[in-house]
1. So what's the gap between the Cα centers of segment 199-233 and segment 62-90, to the nearest angstrom?
2. Need the full-extension length gain, residue 160 to residue 140, defined as separation in residues times 0.36 nm minus the C-alpha distance. One decimal, nm.
3. Rounded to two decimals, what is Rg over Rh for the chain when you use alpha-carbon atoms and the Kirkwood radius?
4. Evaluate the relative contact order of the chain (contact order divided by residue number), counting alpha-carbon pairs under 8 angstrom at least 6 apart; express in whole percent.
5. Under 12 Å from the 7 Å Cα→Cβ point of residue 53, by amide nitrogen: which residues of segment 355-397?
6. Based on the Kirkwood radius over alpha-carbon pairs, what value in µm²/s does the Stokes-Einstein equation return for the translational diffusion coefficient of segment 268-342 at 4 °C and 1.567 mPa s?
7. From the Cα gyration tensor of segment 76-177, with a ≥ b ≥ c the square roots of its eigenvalues, which class applies: rounded if a/c is under 1.5, or else prolate if a/b is larger than b/c, or else oblate?
8. Under the rule of -39500 (n - 2.57) per DSSP H run of 4 or more residues, summed and divided by the residues of the chain, what mean residue ellipticity at 222 nm is obtained, to the nearest 500 deg cm²/dmol?
């Protein structure tokens, strides 16, 4: 029989190890000033319960396996060529129908540190040097491509590609630390998100854990070269997409409690009596990424994975959350706890008035483990993923 004193000593040593974390294994060991914030949440039963019981995303075709690392955004140019996508090594690639070709770069640094690696996560240490293109949008009139680079800011490159030109790198003296997604209207305004002024993309999990609200929705005018802040104090603002008539845009937010909800899709009015105001468009079932508008004016939202009870409890109790994050448990494991233990992709479609129309998912993560963007084209959904080494294509027919 093991003496009680010995067990007590083991428990004390374990508690000391967890409290000190001498080998810096905790999810926030690199962030000595890390703070967690309370999320004001409604009852759990208000989380959207609609599910795709048939797991239809498992019928998706996996394309370009290991040819593209972390293809977040899917874009087609005005001539119908594509897709174009930004990948983890900092390039924007073009599929010409037979091969992937280099199209554009946001960073002039193309040294060996940006060379091909085995997974999207392998590039994280050097993303700030090589660049990391996320949201992509074409100007349908000029053919210019606009790029949201997570580290370097908002960029533009002409129809022939090459080294992109920086348009915005800071706003009101605050650098763009996590430029995420964008859309452009017919009047030369680019609407884009800066997800955080404290955390960079490679620390997106810490941003999720913190629930801090330094994100912004921004507008840049191509003619005046001026940038305005439309909405401040946002928690992880992400995808943004204009309505078909241009009267409003929608964007995702991680929801710090201003609207007392879970992860949400917000509507920002651009025209009419409500211009300049923001309201809830839809409550989302999980962690959102990009939003895209189809030809009918409906909105496809990419959901990394569903939100689970554990994440709900952690949102209500920030001190408990911070204590658990200090334990010698890696950020990856902490994130898996938030999402129910495994990656599982979901996409949802909303009508122009915010009604949920369709849910497609792979709840087991067998085929589509994560989705960053949904681009509907010719009866198919092109599913990009910042975490995966492929593009998934789902046939709506």
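No lab work stands behind these numbers, since they all come straight from the coordinates. As the structure is a prediction and not an experimental result, all values here were calculated from the model. Ideal geometry is used to build each Cβ from the backbone, glycine not excepted, and the neighbour counts take in all protein chains shown.
1. 24
2. 5.7 nm
3. On the way: Rg = 21.2 Å, Rh = 21.6 Å.
Ratio of gyration radius to Kirkwood radius: 0.98.
4. Details: 1019 pairs, mean separation 77.4, N = 397.
Value for the chain: 19 percent.
5. none
6. Working: Rh = 15.2 Å.
After rounding, the answer is 85 µm²/s.
7. Values: a/c = 2.13, a/b = 1.11, b/c = 1.93.
Cα axes put segment 76-177 in the oblate bin.
8. Numbers: 6 runs with 52 residues, N = 397.
Helix contribution divided over all residues of the chain: -3500 deg cm²/dmol.
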